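Asks: Pasting a structure below so you can have a look.
The values are calculated or read from the model by the stated rules, or taken from the named source; none is laboratory data. Values in this document were obtained by computation on a predicted structure and should not be read as measured data. All Cβ positions, even for glycine, are placed from backbone atoms using ideal geometry, and neighbour counts span all protein chains on display.
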Amino acid sequence: MLIHILYSAPASVIAAVVCSLIVAGLLKGIIGVGMPIVALPLLSLFIDVKSAVMLLSMPLIFSNVPQALEGGKTGQCLMQLMPVILGMIPGLFLGVRVLLALDANVAEIIAGLVVIGVGGITLLAPKPRLQSRLVLPAGIAFGFFGGILGAIAAMPGPLVFIFLLAKGLRGKAFTKAASLYLVVSAGLLAILLTASRQFNWLDVAVSTAAMLPVVLGMYVGQHMRDKIAPETFEKLVLIAVIAAGAELLRHGFFKVFIGAVAAF
């Protein structure tokens, strides 16, 4: 599907997709997270949601590998993430089945709702505290719904990030756990999408190539990090993301309405 877009889409669409990936990388470079939150609504303005999710799968892996391996003790960190991963696996399976079965317009509407919800949750930044006896069931629950969101909208992180914060993780410990989770979830997502009949290994190659504009954006963002207040930048971006999600909803509902009128 991505190969078809690459060969058949006009140059202006390809340029817009590349620019969207650069902007997403810019956010990743400045605040360290949030790449798919920006990338999905931008990409969905130019390509369908299913293709956008596949396109983001490999950049999600590669952009988080350095942070996932930083500081060592990766195996220990992975074991601590097991409750989340146990919930994430069935969530991803369910989410991929839903994504591939959805009509493109319905997928756009659901993605819009997800973008608005995730953007709003991230903007409000709740900071709950989790009791130790609730870590296992909460981890499985957050992992499950994170897996669903990861498959439907390439956003496996925000719900799980809330869980990690509720566990008390901060600083480098939080960054390592969050990045390792994203690597594992995005890797499994890429495998599940490739195993379907709608995508193949050529699509994986295109998704891997999409890492280049993301890296460019990250490089520029890292150099801008000291010149822009990260909190201010993040809030402005999230407000723009919520607006983009609203546009996805409007566009999806409009096409469904037009289709219903035409059928009538």
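Asks: From the set of residues in the range 50-77 that are of a type in the set (D, E, K, R) and more than 16 Å from Ala107 (Cα to Cα), which is surrounded by the most Cβ atoms within 10 Å (Cβ to Cβ)?
Replies: Glu70
Asks: I need a count of the residues in the range 167-182 that are of a type in the set (A, V, I, L, M) and buried (at least 19 other Cβ atoms within 10 Å of the Cβ). Spell out the reasoning first.
Replies: In the first step, residues of the range 167-182 are kept if they are of a type in the set (A, V, I, L, M); the result is 169, 173, 177-178, 180, 182.
Of the ones still in play, those that are also buried (at least 19 other Cβ atoms within 10 Å of the Cβ) are 177-178, 180, 182.
Number of matching residues: 4.
Asks: Next up: Going by the structure shown, is Leu192 under 27 Å from Gly75 (Cβ atoms), assigned to a helix (DSSP H, G or I) and not aromatic (Phe, Trp, Tyr)? Steps first, please.
Replies: On the way: under 27 Å from Gly75 (Cβ atoms): yes; assigned to a helix (DSSP H, G or I): yes; not aromatic (Phe, Trp, Tyr): yes.
Against the criterion (under 27 Å from Gly75 (Cβ atoms), assigned to a helix (DSSP H, G or I) and not aromatic (Phe, Trp, Tyr)), Leu192 qualifies.
Asks: Now for a separate question. Which residues, taken from the range 62-95, are of a type in the set (Val, Ile, Thr) and either under 16 Å from Val215 (Cβ atoms) or not in a helix (DSSP H, G or I) (or both)?
Replies: So the first thing to find is which residues in the range 62-95 are of a type in the set (Val, Ile, Thr), and the list is 65, 74, 84-85, 89.
Of everything in the range 62-95, just one residue is of a type in the set (Val, Ile, Thr) and either under 16 Å from Val215 (Cβ atoms) or not in a helix (DSSP H, G or I) (or both), namely Val65.
Asks: Count, please, the residues in the range 193-205 that happen to be surrounded by 20 or more Cβ atoms within 10 Å (Cβ to Cβ) and not acidic (Asp, Glu). Spell out the reasoning first.
Replies: From the range 193-205, those surrounded by 20 or more Cβ atoms within 10 Å (Cβ to Cβ) are 193, 199, 203; that's our starting set.
Checking the rest, the ones that are also not acidic (Asp, Glu) come to 193, 199.
Count: 2.
Asks: Since Val33 meets every condition but one in (1) modelled with pLDDT under 90; (2) loosely packed, with under 15 Cβ neighbours inside 10 Å, which condition does it not meet?
Replies: Checking Val33 against (1) modelled with pLDDT under 90; (2) loosely packed, with under 15 Cβ neighbours inside 10 Å, the one that fails is (2).
Asks: Give the residues of the range 162-193 that are more than 17 Å from the chain's Cα centre (by Cα) and among the hydroxyl-bearing types (Ser, Thr, Tyr), sorted by residue number.
Replies: None; the set is empty.
Asks: Say whether the condition of being at pLDDT below 90 and out of contact with any helix residue (DSSP H, G or I) (no Cβ under 7 Å at 6 or more places or on another chain) is met by at least one residue in the range 75-87.
Replies: Start the filter on the range 75-87 by keeping residues that are at pLDDT below 90, which leaves none.
So far as the range 75-87 goes, no, none of its residues is at pLDDT below 90 and out of contact with any helix residue (DSSP H, G or I) (no Cβ under 7 Å at 6 or more places or on another chain).
Asks: Looking only at residues that are crowded, with 24+ Cβ neighbours inside 10 Å and in a helix (DSSP H, G or I) in the range 36-49, which one is modelled with the lowest pLDDT?
Replies: Just the residues of the range 36-49 that are crowded, with 24+ Cβ neighbours inside 10 Å, to begin with: 36-41, 43-44, 49.
Narrowing the set further to residues that are in a helix (DSSP H, G or I) leaves 36-41, 43, 49.
On the way: Pro36: 83, Ile37: 77, Val38: 80, Ala39: 87, Leu40: 85, Pro41: 81, Leu43: 91, Val49: 86.
Once the filter is applied, the top-ranked residue is Ile37.
Asks: State yes or no: is Pro59 assigned to a helix (DSSP H, G or I), under 22 Å from Leu193 (Cα atoms), touching a residue at least 12 places away in the same chain (Cβ under 8 Å) and over 13 Å from the mean Cα position of the chain (by Cα)? First the steps, then the outcome.
Replies: On the way: assigned to a helix (DSSP H, G or I): yes; under 22 Å from Leu193 (Cα atoms): yes; touching a residue at least 12 places away in the same chain (Cβ under 8 Å): yes; over 13 Å from the mean Cα position of the chain (by Cα): no.
When the stated conditions are applied, Pro59 does not pass them.
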